[in-house]
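Here the structure is laid out as structure tokens; the discussion comes afterwards.
The values are calculated or read from the model by the stated rules, or taken from the named source; none is laboratory data. Bear in mind the structure is a predicted one, so any value in this text is a computation, not a measurement. Because the Cβ atoms are built from the backbone with ideal geometry, glycine has one as well, and the counts that use them run over all protein chains shown. Just so you know, the surface numbers come from the protein's heavy atoms only, side chains and all, with ligands and any DNA or RNA stripped out. Shrake-Rupley method; radii C 1.70, N 1.55, O 1.52, S 1.80 Å.
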Amino acid sequence: MKSVFILFSFLFFVFGISACRVRNAPPELTTLHPSEAYVGQEITLGGYQFGDEPVVTFGRSGSAVAGQVVSGADQSIRVIVPILSPGLTQVQVQTSEGISDPLPIKILQPPPVVSAVSPENGLPGTTFVITGNYLNQIEELRLDQTEAIIKDSSATKLTLQVPQNMPHGPINIVIGTKGGVTNASFIVAGTPQIASISPKVGKPGSELVIQGVNLTDGLVQINGLTTDRNQTIVKDNEIRTPIPMNATSGLVTVTVFEKLVATSTDSLKIVLPPAVANLSARDGIAGDKIILTGLNLKDVTGVMFGSTPVSYRILNDTQIEATVPTLMASGSLAVSVTSAGGTATATDQFFFYLAPSNLVLTPTRQLPLQQISITGQNLYRITEVKVSGQVVSIISRIEGSQLQIGVPADAVSGPITVTNRAGTATSQPLVVIQAPVITAIVPAKARPGERVVVQGNYLYNAQFYFTGSTPPAADGGKNDDTERWILVPSDAQTGPIRVINATNVSVNTDVFTVVRLAAITDFTPKTAKVGDEITITGQNLSSVTAVKFNGGTLPTTFRLSGSSLIVAVPTGAITGQICLTTEAGSTCTSANFSPAQ
């Protein structure tokens with residue numbers, strides 16, 4: 001009985017001790033698989049009493065790092081190795097009951113990781129930095145096939161220098177460590193910069209010049225449109241490239257080795273070539289407003305009429321209003337517009353004309369209802385011709401130089417005016433020939449062959465017919481409209497003078513007296529006493545006004561008898577000529593008279 005009590009007492013003690021151990025025992029870590037692992041690799045821990053929320057730590061006390069538990073059970077935990085320095089360290093499991101004894105684990109070197117390269121480009125000799133992780137334990141480090149120049153290194157940073165003989169362009173950086181190999185990119189080139197573009201306003205097809213630095217291998221784009229590389233000349237500090245025909249306005253970029261981009265400060269304005277389709281008028285005068293219609297006109301910087309720049313106003317991209325300039329001469333002109341896109345000339349020429357001038361009438365004297373020719377300068381686009389203030393029709397014209405018009409029936413003498421939109425010209429007076437007008441004949445008496453002055457109007461080239469004379473009187477030396485000099489015909493008789501001019505209208509003057517010398521044929525008797533009568537025969541004896549003996553000094557009485565003149569021998573008559581006086585003068589007998597004894 002006593003032995004049974006002792007047995008129960010022993011069993012109770014054993015169970016008590018056992019129960020106490022389960023409730024207060026820390027976890028036990030017995031296995032680790034695998035025992036060598038990379039950061040981020042999943043490993044499996046084996047043991048006891050891991051509980052529901054175990055914490056797995058890697059590293060020594062004070063620097064331990066918890067790993068991510070993927071799954072856990074009382075005797076098994078799956079965990080991911082946290083970021084640790086490569087090498088031998090330890091792993092432990094911790095629960096609310098305590099912490100396990102450590103087991104050793106070897107953290108293997110991970111493949112290198114590159115997070116950044118700064119700067120991403122540079123010329124030979126440039127120092128640049130690669131940052132990342134696991135960059136230590138380097139076994140290989142090269143730029144393409146060239147060994148890298150290492151200036152400094154650590155697990156998180158490599159400082160390298162571009163070799164002087166490194167060719168320009170993109171390169172591959174190979175980083176090999178005990179953990180593996182990775183790559184990074186670098187461009188052996190300076191950062192491109194655009195200092196200027198020229199021109200800032202250009203037309204398609206023209207050359208664009210880009211000045212700057214580090215432009216080698218540059219690809220040019222204008223507002224996103226790539227220029228023709230085959231026609232582009234590239235230097236490190238300058239690029240020359242043609243502007244594409246379909247280019248649009250915008251910024252200019254130069255891309256070097258497909259990654260390095262320089263952008264211009266200024267935009268390139270693309271101006272398309274202008275075109276002029278038509279003019280609102282094809283002729284005009286100074287000051288006229290002409291509308292030019294075409295394309296691409298909003299950027300026009302100049303309008304020319306011939307070689308003369310003119311003022312203008314841009315209405316829109318298809319219309320310009322230009323002011324016709326004041327020019328020195330009439331004539332056809334080419335109308336052109338100029339912009340950065342080029343110069344365009346209108347298909348149709350513009351005719352500029354001045355006011356008419358220097359008018360000449362042919363003839364200067366004309367009958368009503370007859371035509372005259374007007375010549376002069378700038379007889380273009382004539383709109384009105386006036387004669388005596390009356391508008392007359394233009395019968396025919398040679399544009400610019402001659403007009404043919406008719407004289408109205410009721411026209412009077414005076415200047416002719418010729419008008420176009422530029423102005424009016426006045427001619428010398430036109431003499432409209434009317435019926436002749438006689439205002440005076442000086443003298444009113446004259447002998448045949450003497451000059452007579454006829455005054456009046458419309459006398460130019462008029463014919464003067466004396467009474468008794470068939471042919472017209474001969475010209476006496478002056479022939480104009482207001483005064484004529486004529487000679488009295490030899491057969492003229494006293495009476496009106498008939499005057500006819502180009503009108504064919506006949507006008508008679510007052511009576512003109514033709515005076516002649518008495519023509520003595522003979523006298524009988526040749527000898528007579530005082531008081532005796534002597535008979536004188538001859539012509540023009542009826543116009544005798546005085547008879548004188550003694551050679552024209554001793555007057556006597558006389559009378560007309562038929563065609564003869566009867567004179568009385570006066571007292572004191574002596575031997576000598578008998579003289580007869582008329583208004584034309586005196587004539588004497590060829591023989592002497594002798595008084596009877």
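A few points about this structure:
- Sorted peptide list for 383-395, 165-177, criterion being average Cβ within 10 angstrom, highest first: 165-177, 383-395
- Across the chain, Cα-Cα pairs farther apart than 35 Å form 76% of the total.
- Net length available on complete extension from Asn172 to Thr146 is 8.3 nm, with 0.36 nm assigned per residue and the Cα-Cα distance removed.
- Counting only lysines at least 8 places from Lys269 when in the same chain, those with an alpha carbon closer than 28 Å to its own are Lys200, Lys203, Lys235, Lys259, Lys298.
- Computed extension length for Ala116-Ser76: 10.4 nm, one decimal, from 0.36 nm per residue of separation with the Cα-Cα distance subtracted.
- 1.4 Å probe accessible area per residue over the chain, in Å²: 51
- Rounded to 10°, Cα long-axis angle of helix 2-24 versus longest principal axis of the chain: 10
- Accessible surface of region 459-573, 1.4 Å probe: 50 percent of it comes from carbon and sulfur atoms.
- Distance (nanometres) between label positions extended 7 Å along Cα→Cβ at Thr347 and Ser396: 3.4
- Summarising the amide proton neighbourhood of Asp144: residues at separation of 5 or more, or on other chains, whose placed amide H is nearer than 5 Å comprise Asn172, Ile173, Val174.
- Estimated from the Cβ-Cβ distance and a Förster radius of 41 angstrom, the FRET efficiency linking Ala435 and Ser590 is about 0.25.
- Apportionment of accessible area to carbon and sulfur, region 329-437, percent (1.4 Å): 52
- Integer Hz, Karplus 6.51/-1.76/1.60 couplings in order for region 222-237, x for Gly and Pro: 10, 6, x, 9, 7, 7, 6, 5, 5, 9, 9, 9, 10, 10, 5, 10
- Estimated distance in nm for a label pair at Asp480 and Asp236, the labels positioned 7 Å out from Cα along Cα-to-Cβ: 9.5
- Using C-alpha pairs under 8 Å with a sequence gap of at least 6, the mean separation divided by the residue count of the chain gives a relative contact order of 5 percent.
- Under 5 Å from the amide H of Thr343 lies no amide H of any residue 5 or more positions distant or on a separate chain, with H modelled from the backbone and absent for Pro and chain starts.
- Fully extended contour minus Cα-Cα distance, from Gln41 to Val181, at 0.36 nm per residue: 48.6 nm
- By the Stokes-Einstein formula, at 1.002 mPa s and 20 °C, region 309-442 with its Kirkwood radius over alpha-carbon pairs has D equal to 122 µm²/s.
- Across all Cα pairs in region 255-301, the calculated P(r) in 10 Å bins from zero up to the longest distance comes to 20, 26, 21, 15, 10, 7, 1 percent per bin.
- Distance (nanometres) between label positions extended 7 Å along Cα→Cβ at Met245 and Val261: 2.8
- The distance from the alpha carbon centre of region 305-377 to that of region 146-192 is 76 Å, rounded to a whole number.
- Stokes-Einstein D (µm²/s) once Rh is taken as the Kirkwood radius of region 450-548 over alpha-carbon pairs, at 4 °C in 1.567 mPa s: 82
- Computed from the Cβ-Cβ distance with R0 of 25 Å, the FRET efficiency linking Val209 to Asn165 stands at 0.20.
- The amide H of Val432, built 1.01 Å from its N in the peptide plane, has Gln366, Ser413, Gly414 as neighbours under 5 Å, considering only residues 5 or more places off or on other chains.
- Virtual paramagnetic centre 7 Å along Cα→Cβ of Ser563, amide N under 17 Å, in region 527-548: 535-544
- Taking one quarter of the surface of the C-alpha convex hull of region 377-426 gives a mean projected area of 3.3 nm².
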